[in-house]
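J.: Before anything else, here's the structure in question.
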Amino acid sequence: MEPKEKIILTGDRPTGKLHIGHYVGSLRRRVELQNSGQYDKIFVFEADAQALTDNVENPEKIRQNVIEVALDYLACGLDPERSTLFIQSMIPELTELSFYYMNLVSVSRLQRNPTVKTEIQMRKFESSIPVGFFTYPISQAADITAFKATTVPVGEDQEPMLEQCREIVRRFNTIYDDVLVEPNILLPENSACLRLPGTDGKAKMSKSLGNCIYISDSADEVVKKVRSMYTDPTHLQVSDPGHLEGNTVFTYLDAFASDAQVERLTSGEYASLDEMKAHYIRGGLGDMKCKKLLTGVLQEVLEPIRMRRAEFERDIPAVFEILRRGSEVAREQAACTMADVRRAMRINYFEDNSLIEEQTRRFASGNGN
Ligand code: TRP
């Protein structure tokens, strides 16, 4: 269906506090999109039901992290007046919709989904893959389409999910009726933000590797973590020429620092990040100095977020109330789509007067045939 409105939907699994990789990869952008005023509706949600698909035995982890993620959202500037913040499992329509979508997807198509493939390997499910986990791309398609989302800002790893969602939409619209909207992915702009490496230089920030800087880290923690960051192992002395590839400090600077900030925080020594990089490559610029700049940059970004978080932490019941009200709003929206879906699928029996009349006539004619 041609969309009538511009609608954003995106979310995160509440399996831990959010880190600065989430910030540059998605949160910062969401807030910009929210504040751009270019979208009619914005939905941001905590995918707790999806998180449970690979945390079956760990429900308490999800329960504890719902508030952490909500605080991170609010701290980063998502505003409940402009964005609907909600919890996936509070919207039963999403489960209902998933159940019908399951008929539109084959087992082999799910097996071919590259994200599911890698995740199955990562989680070592081997041959005992939970059915719920295996089918989560279908449930994700329900998340997106229940809100008739046109725009889904996510990382590149979610591309196969969006593709699968679009296939479901096309199939549904062709078989039943043209009621669902095909969503578009909105990828991060800056390539350094696609996937921020861990502070140890490893490919990904992950809690279990202990290489994350969290949005909620204190100023002291940030100082310590940046001080121990991985740089260029061949850059032993200040005078040595340095390398930027795989140098985590410069990757973070690419993701966070503006040229104006570089100029200001180095008291005009460098007019831009590129000038500083050139010096590093030539030799004569030490890692400590680069780390000091990175710390300064991160503190400027994180300090206002930290302060807002502290404010929301002072009234936790109010934060749950935001999620409760958001979930109510989201549910109304999903219920509207569900009514369209039921009509299209011809399972709206009690609202379908033509069905009742048809059957009345059929039985009045004598034999019910
Ligand atoms: N799979 C996403 C993640 O792990 C979370 C998610 C669930 C999501 N449903 C979604 C993202 C719908 C965007 C749209 O980050």
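J.: For the chain, modelled as a Gaussian network with Cα springs under 10 Å, which listed residue fluctuates most, Met338, Met102, Met288?
T.: In this elastic network of the chain, the residue with the biggest mean-square fluctuation among Met338, Met102, Met288 is Met288.
J.: In the Gaussian network model of the chain, springs joining C-alpha atoms below 10 Å, which of Ala344, Ala334, Ala146 carries the largest mean-square fluctuation?
T.: So, out of Ala344, Ala334, Ala146, the one fluctuating most is Ala344.
J.: Further question on the same structure: For segment 157-173, in order, what is each residue's ³J(HN,Hα) by Karplus, 6.51 cos²θ - 1.76 cosθ + 1.60 with θ = phi - 60°, in whole Hz (x at glycine and Pro)?
T.: Values per residue, Gly and Pro as x: 5, 8, 4, x, 5, 5, 5, 5, 4, 4, 4, 4, 4, 4, 5, 4, 4 Hz.
J.: Turning to a different aspect of this structure: With everything on Cα atoms, drop me the angle between helix 273-282 and the longest principal axis of the chain, reported from 0 to 90° to the nearest 10.
T.: The angle comes out near 50 degrees.
J.: Counting alpha carbon pairs within less than 8 Å and at least 6 residues apart, what relative contact order, in whole percent, applies to the chain?
T.: 21 percent.
J.: A further question follows. Can you spot the lysines whose alpha carbon is less than 25 Å from Lys61's alpha carbon? Ignore those fewer than 8 places along the same chain.
T.: Candidates past the 8-residue exclusion: Lys17, Lys117, Lys124, Lys202, Lys204, Lys207, Lys225.
J.: For the chain, what is the mean residue ellipticity at 222 nm derived from helices alone (per DSSP H run of n ≥ 4: -39500 (n - 2.57); sum divided by total residues; nearest 500 deg cm²/dmol)?
T.: For the chain, the value works out to -16000 deg cm²/dmol.
J.: Still on this structure, I have one more. Determine which lysines satisfy two conditions relative to Lys277: a Cα distance under 17 Å, and not lying fewer than 8 residues away in the same chain.
T.: Straight-distance partners of Lys277: Lys289, Lys291, Lys292.
J.: Quick one: if you take sqrt(5λ) for each eigenvalue of the C-alpha gyration tensor of segment 115-178, what semi-axes come out, biggest first, whole angstrom? Intermediate values should be presented prior to the final figure.
T.: Numbers: eigenvalues 122, 41, 16 Å².
Working through the eigenvalues yields semi-axes of 25, 14, 9 Å.
J.: Nearest 20 debye, what's the magnitude of the dipole of the chain about its Cα centre given +1 on Lys and Arg Cβ and -1 on Asp and Glu Cβ?
T.: 520
J.: Now for a separate question. May I ask which residue of Thr84, Thr15, Ser327 lies farthest towards the positive end of the charge dipole of the chain, with charges of +1 (Lys, Arg) and -1 (Asp, Glu) on Cβ and the Cα centre as origin?
T.: Projecting each Cα onto the dipole axis, the largest value belongs to Thr15.
J.: Sticking with this structure for a sec: For segment 84-89, in order, what is each residue's ³J(HN,Hα) by Karplus, 6.51 cos²θ - 1.76 cosθ + 1.60 with θ = phi - 60°, in whole Hz (x at glycine and Pro)?
T.: With coefficients 6.51, -1.76 and 1.60, one gets 8, 9, 8, 10, 3, 5 Hz.
J.: Let me ask something else about it. Report, ordered by chain and residue number, the lysines lying within cross-link reach of Lys148, taken as a straight Cα distance under 23 Å and ignoring same-chain residues fewer than 8 apart.
T.: Output for Lys148: Lys4, Lys6, Lys41.
J.: Report the charge-dipole magnitude of segment 219-311 in Debye, nearest 20, computed about the Cα centre from +1 at each Lys and Arg Cβ and -1 at each Asp and Glu Cβ.
T.: Dipole about the Cα centre, nearest 20: 320 debye.
J.: Another one. For segment 82-128, run through the GluC sites (Glu not before Pro) and keep only the ones in DSSP coil with at most 13 other Cβ atoms within 10 Å of their Cβ. Show your work: numbers first, answer last.
T.: Values: sites: Glu93, Glu96, Glu119, Glu126; in loops: Glu126.
Passing both the DSSP loop test and the Cβ count: Glu126.
Readers should treat all values here as calculations from the given coordinates under stated rules, not as data from a laboratory. A quick note: this is a predicted structure, and the numbers were derived from the prediction, not measured. For neighbour counting, all protein chains shown are included, and Cβ atoms are generated from backbone atoms with ideal geometry for every residue, glycine included.
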